[in-house]
Amino acid sequence: MQLGTVTPILRIFDETKALEFYVDFLGFKVDWQHRFEADFPLYLQVSLGECVLHLSEHHGDVSPGAAVRIQAPGVDAFQQQLQAKNYRFAKPGVEETPWGSREMSIKDPFGNRLVFVEEGEG
């Protein structure tokens, strides 16, 4: 058996805050959005490079507070881009881990943690 790609689903509570964080701050693009009716919860897909995330306002889809590790070669340059945006709710830094990676951890407005990881040499 061969497994395919994984698409994490992250819980969101507010469309405006989600778009401000994922699109305006992190630089993801909205690929598509879906609502069953006009006043129903939003479900959408965002992507940046090869990273694809699903964001859901549906309470039965997932619990808030998930953690996702995202491969991010060039994490230092990405961190500098984010700092330049001066987003008032997050000022992420990059840290060197004891296991040799460089990691930048950011919590979204809903308590989900995104960890951007650049693997070390070796």
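Here, each number is a calculation from the coordinates, and none is a lab measurement. Because the structure is a prediction, the values reported are computed rather than measured. Virtual Cβ from ideal backbone geometry, glycine too; neighbours counted across all protein chains shown.
Here are some notes:
- The phi-based Karplus calculation (6.51 cos²θ - 1.76 cosθ + 1.60; θ = phi - 60°) puts the 3J(HN,Hα) values of the stretch 29-42 at 10, 7, 7, 6, 9, 9, 9, 5, 8, 3, 9, 9, x, 8 Hz, whole numbers, x for Gly and Pro.
- Calculated [θ] (222 nm, deg cm²/dmol) that DSSP helices of n ≥ 4 give over the chain, each run adding -39,500 (n - 2.57): -3500 deg cm²/dmol
- Its relative contact order, with pairs defined as Cα atoms under 8 Å and 6+ residues apart, puts the chain at 25 percent.
- Computed over the stretch 1-58, the ratio Rg/Rh where both radii use C-alpha atoms and Rh is Kirkwood: 1.02
- For ASP24, ASP108, order by how many other beta-carbon atoms lie within 10 Å, fewest first: ASP24, ASP108
- Taking the square roots of five times each eigenvalue of the Cα gyration tensor of the chain, the equivalent ellipsoid has semi-axes of 26, 18, 13 Å, listed largest first.
- HN-Hα J in Hz across the stretch 84-101 - Karplus 6.51, -1.76, 1.60, θ = phi - 60°, x for Gly and Pro: 5, 6, 6, 5, 6, 9, 7, 10, x, x, 9, 10, 8, 8, x, 8, x, 9
- Annotation: aspartates and glutamates with alpha-carbon distance below 12 angstrom to LYS29 (same-chain offsets under eight excluded): GLU20, GLU50.
- Positive-end residue, the chain charge dipole about Cα centroid, Cβ charges, pick of ALA84, GLY27, THR7: ALA84
- Cα→Cβ-extended label distance, 7 Å offset, between HIS58 and GLN33, nm: 1.7
- Rounded to the nearest whole Hz, the Karplus-based 3J(HN,Hα) values (6.51 cos²θ - 1.76 cosθ + 1.60, θ = phi - 60°) of the stretch 74-83 follow the sequence x, 4, 5, 5, 4, 4, 5, 4, 5, 4, with x at glycine and proline.
- Value of relative contact order over the stretch 76-122, rounded to a whole percent, pairs C-alpha under 8 Å and six or more apart: 26
- Residues of the chain were split at every exposed loop site, defined as trypsin sites (Lys or Arg not before Pro) in a DSSP loop with at most 15 other C-beta atoms within 10 angstrom, and the longest piece left, sites excluded, is 36-87.
- Packing-based exposure ordering (other Cβ within 10 Å, fewest first) of SER47, SER56: SER47, SER56
- Qualifying GluC sites (Glu not before Pro) in the stretch 31-80, DSSP loop, other Cβ atoms within 10 Å at most 12: GLU37, GLU50
- Counting only Cβ charges, +1 for Lys and Arg and -1 for Asp and Glu, the dipole size of the stretch 8-122 around its Cα centre is about 240 debye.
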